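Single-structure report; data block below.
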Amino acid sequence: MANAAWTIQAERTLHCRQFYDLSVEIGSTLDDESQDLKKKPDETLSVTPDERAARDGQTGLVVWFTGLSGAGKTTLAVSVERQLFDLGYRTFLIDGDLLRVGLCSDLGYGAADRHENVRRAGVVSSLMANAGLICLTALISPFRADRARARSLLPAGCFLEVYVNAPLSVCEARDVKGLYRRARANEIPNFTGISSVYEPPGSPDLEVRTDLLSVEESIAKVLNVVRERVFSLREKEMSSDGVTSRPSADQHLSRSTT
């Protein structure tokens, strides 16, 4: 029953993607004013991450979901983002499949292209965190070195690695997109877990065994750890500023609803 619930959630997520508009129009010319914007800004005028955190009551964070295809990464990321957003947090979701048809559409699945795919995802995620958002990034990211590089782009504590762990046999049973079947038939080369290696995290910030936990239990586990990390980062930021009390995102929400 638990595996069926994960499969249903994955099917719903896949269905929602059919309505996602990935079209982007890029202007071919820039006027003089736009050219001026490309110049390096005066650093004394730049808005810093600390200033954003002080105003918004939230420090930026990357929550990085890694695991095999079908383990439940996107299901968890989508659900956790929704709950965080409803609690008043400022969030953004980066999904590996959507990156593949947008920013990374020029990349294949060989080792070099996989490294570049994760590098780009790491850079975009860090930019979102620097903007003060909780960025939930869900992609296989099979190599430890690539995940370590993504972590290195952020200050200590601002990268939360979530290992979404399910055995290969369970992931194959949830195969709503038929990818494992095609990989077994040699129709998809370099498929992680079949013909390409996946290097599991040695010491993730959080491991979620989605073969043992229900969807709801898994979501709650991730949500609790994320909120604890956000609270810890805010406490650290406030203590460095000598501030004893400052409203958090949760407190901002409660004020607006009372």
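Could you count how many residues in the range 154-187 are more than 30 Å from Gly132 (Cα to Cα), assigned to a loop (DSSP other than H, G, I, E, B) and touching a residue at least 24 places away in the same chain (Cβ under 8 Å)? Selection size over the range 154-187: 6. Among the residues of the range 119-130, just one is among the charged types (D, E, K, R) and either out of contact with any Lys or Arg (no Cβ under 8 Å at 6 or more places or on another chain) or buried (at least 17 other Cβ atoms within 10 Å of the Cβ) (or both), namely Arg120.
Please go through the range 41-95 and pick out each residue that is closer than 16 Å to Val225 by Cβ and of a type in the set (Phe, Trp, Tyr). Trp64, Phe65, Tyr89 - these are the residues of the range 41-95 that are closer than 16 Å to Val225 by Cβ and of a type in the set (Phe, Trp, Tyr).
In summary, Thr75 fulfils each of the numbered conditions (1) in contact with a Ser or Thr (Cβ under 7 Å, 6 or more places away or on another chain); (2) under 16 Å from Lys221 (Cβ atoms); (3) not in a helix (DSSP H, G or I) with the single exception of condition (3).
Can you spot a residue in the range 5-16 that is part of a loop (DSSP other than H, G, I, E, B) and either modelled with pLDDT of 65 or more or over 15 Å from the mean Cα position of the chain (by Cα) (or both)? First the steps, then the outcome.
Quick first cut of the range 5-16, residues part of a loop (DSSP other than H, G, I, E, B) only: none.
Looking for residues that are part of a loop (DSSP other than H, G, I, E, B) and either modelled with pLDDT of 65 or more or over 15 Å from the mean Cα position of the chain (by Cα) (or both), one finds none in the range 5-16, hence no.
Candidates Leu107, Leu136: the one that is crowded, with 22+ Cβ neighbours inside 10 Å and either touching a residue at least 12 places away in the same chain (Cβ under 8 Å) or not basic (Lys, Arg) (or both) is Leu136. When the range 89-111 is filtered for residues that are at pLDDT 95 or above and of a type in the set (Gly, Ala, Ser), nothing remains.
Conditions (1) surrounded by fewer than 20 Cβ atoms within 10 Å (Cβ to Cβ); (2) not in a loop (DSSP other than H, G, I, E, B), marked per residue:
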| position | (1), (2) |
| --- | --- |
| Glu81 | no, yes |
| Asp97 | yes, yes |
| Asn117 | no, yes |
| Gly132 | no, no |
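Ala150 meets each of the listed conditions (1) farther than 13 Å from Gly70 by Cβ; (2) without any contact (Cβ under 8 Å) to a residue 12 or more places away in the chain apart from (2). Residues in the range 49-93 that are over 27 Å from Ile194 (Cβ atoms), in contact (Cβ under 8 Å) with a residue 40 or more places away in the chain and of a type in the set (D, E, K, R): Asp50, Arg52, Asp56, Glu81, Arg90. When you scan the range 240-249, do you find a residue that is at pLDDT below 95 and surrounded by 18 or more Cβ atoms within 10 Å (Cβ to Cβ), even just one? There is at least one residue in the range 240-249 that is at pLDDT below 95 and surrounded by 18 or more Cβ atoms within 10 Å (Cβ to Cβ).
Quick one: which of Ala71, Ala111, Ala129 is closer than 25 Å to Leu233 by Cα and among the aliphatic types (A, V, I, L, M)?
Matching residue, one of Ala71, Ala111, Ala129: Ala129.
Might you let me know whether the range 193-208 holds any residue that is touching a residue at least 12 places away in the same chain (Cβ under 8 Å), crowded, with 21+ Cβ neighbours inside 10 Å and closer than 20 Å to Val226 by Cα? The answer is yes, given that some residue of the range 193-208 is touching a residue at least 12 places away in the same chain (Cβ under 8 Å), crowded, with 21+ Cβ neighbours inside 10 Å and closer than 20 Å to Val226 by Cα.
From the list Tyr180, Tyr163, which residue is touching a strand residue (DSSP E or B) at 6+ places or on another chain (Cβ under 6 Å), buried (at least 17 other Cβ atoms within 10 Å of the Cβ) and aromatic (Phe, Trp, Tyr)?
Details: Tyr180 fails: touching a strand residue (DSSP E or B) at 6+ places or on another chain (Cβ under 6 Å).
Tyr163 is the lone residue from the list that is touching a strand residue (DSSP E or B) at 6+ places or on another chain (Cβ under 6 Å), buried (at least 17 other Cβ atoms within 10 Å of the Cβ) and aromatic (Phe, Trp, Tyr).
In the range 213-227 there is at least one residue matching the filter, namely being part of a loop (DSSP other than H, G, I, E, B), modelled with pLDDT of 95 or more and either within 17 Å of Phe65 (Cβ to Cβ) or touching a Leu at 6+ places or on another chain (Cβ under 8 Å) (or both).
The values are calculated or read from the model by the stated rules, or taken from the named source; none is laboratory data. Since we're looking at a predicted model, the values are computed, not measured. A quick note on method: Cβ atoms are made from the backbone with ideal geometry, for glycine too, and the neighbour counts reach across all protein chains shown.
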